[in-house]
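Down below is the structure, laid out as C-alpha cells.
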Amino acid sequence: MDSEIDTKLSIYKAARSIKRRDNTLYNALRSIYEDSTFVGEISQLWPELPLLANLRCGFWYYPKFDATCYFKSTDGHTNNWSFNTSRLNLHVAQLAGQKGGCIIVDSTRRGKRFPDSMSKTIPSWTCVLNRAILNHKNRNRSNGSLEKASSTCHQHSECSGLVSCDWDSSLHLPLWVSATERAAIEDRLEEWTRQLEACGADIASLVSCLRKPLRPLWISQKTVIWLNEVPGLDSWDFTPIILVSASSSVGISQHKTTSEFSWNYIPGAGDDEESWARGLSPHHFWKQAYDLISSGPDVCNQKVADIIERDRVYRAQRGQSAPQVSIKPAKLANMACVSNVEPPLSLEIHDSKTDMRSSDSNCKASWLGSTNLAVGTTQLAAAAAAAACISDFACILNCDQESASVVLPTAEAYLHLPMVNSKMDRFSLSKNLPSAIEFAKLTLEKGKKLLVCCRDGKDSFVPLSIVELIIWIAFN
C-alpha cells in the first residue's frame, strides 16, 4: 500500500514539474508580446483615454502606460470581499474625471476571461465612490448649497456645469457573477462607504472632477466590437472605466508555431513574475522586446541574463542598489522526496548536457544520454520496421492518437497508448502513465532499447513528458 501511494505521489509531482516546464521565460515573454497587440488595438478605439496598468501583472502588457493602479483580486475573491482604504486609487477616479474615462489593463492565469480584480474589486470600488459622492452632494443640498464642478479640474468646457442630480450609485457587476455573490457584496456597500468617508478621503475633489458617475465596462479577446459603431464618450451617461483583460482564454491547445520557432501560449503570463522573469522588469523587456522575441527560445535565457547584468553594472557604477540576481538550476527540486539519488538528466530534454544523437543515417532518433530511451515519430517506427533496422528499437511505445503500422517479433514489444496534450485532456497523461511506466520497466530491465513516439516526435509535449517520467520513476 505504501509503495502504491509513493508511486502516485511520484507521478503527481513529476507531472506538476513537467507542467512548470512549459512556463519557460521565452513562452511567457512571447505570450505577453502577442497579447500586447490586443491591448494596443483597444487603446486606439478611444485614443483620448489614458491607459493604466493594474500592478503588477498588467504592467507587462504594453510598452507605455499613462499611469498605474493597484486593485487586488483578493479583495474580490468569493467570501473575501473587502474595500481596502489603504488602496483607494483615488487618482484613477480623478484622472477618469479629467479625461472622460480611462482604460485599465490586467490579466489572469486562471481559466476565466477576467481576474477577480476586474469582475468584482473594481466594480465594488466604483460603486462605493459613487455612493460617497452622492452622500456628499446630498449633504450640500441640505445645507442649501449645490456643489459646482471646477473647470480647472476638467478639461472639457461642459465640466463647469452643475453635477448631475441623477447620480447612479447602484452596483454594476458582469453577468457571470452569481446573484448570491451580488447580494453578498451589496450587503457590504453601506459599510464600505462609511469606511471611505471616515478615512479622510478627499471626496470633494472627486465631486468637482466627475461630471458623470463611474461605471465599469469589460472587454476581452472574445468581445465583439463593430469598428464602425464604437460609441463616443459623450454618448454615455456615465464615466467609463474600461477593463481590458489582455490574455486569451480559449480552451483549445495553446501550442503555437511560427516559421522559425514553436512555443506554448500562457494566459496571464505576466502574473507572479518572481517565478519566471529571472529579474527582468517590464521596462527592460520592452526596451529589448524585438531582440528577445526574434532570437527564439534557445538563447532567450542568456539574453535576459546579459540584460540584467548590464543593468546591474550600470547601477553599481552610479552607487545605486544593484543586488546580484541568482537563478536556481533547472532541476526537479521537488523530486528529491521521491528518490534519494541525484537526477541523471536535467528536466529540459533539449539541455546542452543531454546527449542527443542519431541511431544511424537511415533511422534517425533522438537518444537521451546513455539511456536506452529514444524519442521519435510514428513514421520513424514504421520506417524502421520496413528498413529492417528495428533492432535499434526492441520495443515501441506509441503515444499517438492513431496506431502505427509496425510489425514486431512479439506483440508484447509494442504498446499503443493514445494520448493528447493536457490542454485538450488534462487527465490523458495521468491515466496512461502507469501502463507506460510498467511497459518501460519490463523493457529496460532486460537491457532492450525503447522508442517513445508520436506524430510530432521530439517537438511534442506528450512523448517528452512520458520519457522524463520514465527516467525519474522507472530508473529510481
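The values are calculated or read from the model by the stated rules, or taken from the named source; none is laboratory data. The model shown is predicted, which means the values in this text are computed figures rather than measured ones. Using ideal geometry, Cβ is built from the backbone for each residue, glycine included, and neighbour counts are taken over all protein chains shown. For the accessible areas, the whole protein counts, side chains as well, though only heavy atoms, and no ligand, DNA or RNA atoms are used. Shrake-Rupley method; radii C 1.70, N 1.55, O 1.52, S 1.80 Å.
For region 100-120, a residue qualifies if it is in a helix (DSSP H, G or I) and within 25 Å of D237 (Cα to Cα), and the qualifying residues are S117, M118, S119, K120. Kindly indicate whether T78 is modelled with pLDDT under 95 and either under 30 Å from R188 (Cβ atoms) or outside any loop (DSSP other than H, G, I, E, B) (or both). Considered against the rule, which asks whether it is modelled with pLDDT under 95 and either under 30 Å from R188 (Cβ atoms) or outside any loop (DSSP other than H, G, I, E, B) (or both), T78 comes out as yes. Does P174 satisfy the condition of being in contact (Cβ under 8 Å) with a residue 60 or more places away in the chain, outside any loop (DSSP other than H, G, I, E, B) and open to solvent by less than 30 Å² (accessible area, probe 1.4 Å)? It is false that P174 is in contact (Cβ under 8 Å) with a residue 60 or more places away in the chain, outside any loop (DSSP other than H, G, I, E, B) and open to solvent by less than 30 Å² (accessible area, probe 1.4 Å).
Taking the criterion of being open to solvent by less than 50 Å² (accessible area, probe 1.4 Å), in contact with an Asp or Glu (Cβ under 9 Å, 6 or more places away or on another chain) and either over 17 Å from C127 (Cα atoms) or of a type in the set (K, R) (or both), the residues of region 50-94 that qualify are P50, L51, L52, A53, N54, C57, G58, W60, Y61. Here F114 qualifies as assigned by the TED database to the domain that holds Q195, over 23 Å from W167 (Cβ atoms) and aromatic (F, W, Y).
The residues of region 202-226 that are open to solvent by 20 Å² or more (accessible area, probe 1.4 Å) and assigned to a loop (DSSP other than H, G, I, E, B), listed by number, are D202, R211, K212, Q221, K222, T223, V224, I225, W226. As a summary of the residue check, G97 satisfies the conditions (1) part of a helix (DSSP H, G or I); (2) under 20 Å from L173 (Cβ atoms); (3) touching a helix residue (DSSP H, G or I) at 6+ places or on another chain (Cβ under 6 Å) except for the one numbered (2).
Only residues that are free of Cβ contacts under 8 Å to residues at least 40 places away in the same chain, open to solvent by 60 Å² or more (accessible area, probe 1.4 Å) and more than 18 Å from G40 (Cβ to Cβ) were counted in region 274-287, giving 1. Considering S430, S405, S391, S435, the condition of being modelled with pLDDT under 65 and of a type outside the set (K, R) is satisfied by S391 alone. Within region 130-149, residues that are within 12 Å of A204 (Cα to Cα) have Cβ atoms under 9 Å from residues that are modelled with pLDDT under 90 and of a type in the set (S, T, Y) in these pairs: K148/S160; A149/S160, counting only partners at least 6 apart in sequence or on another chain.
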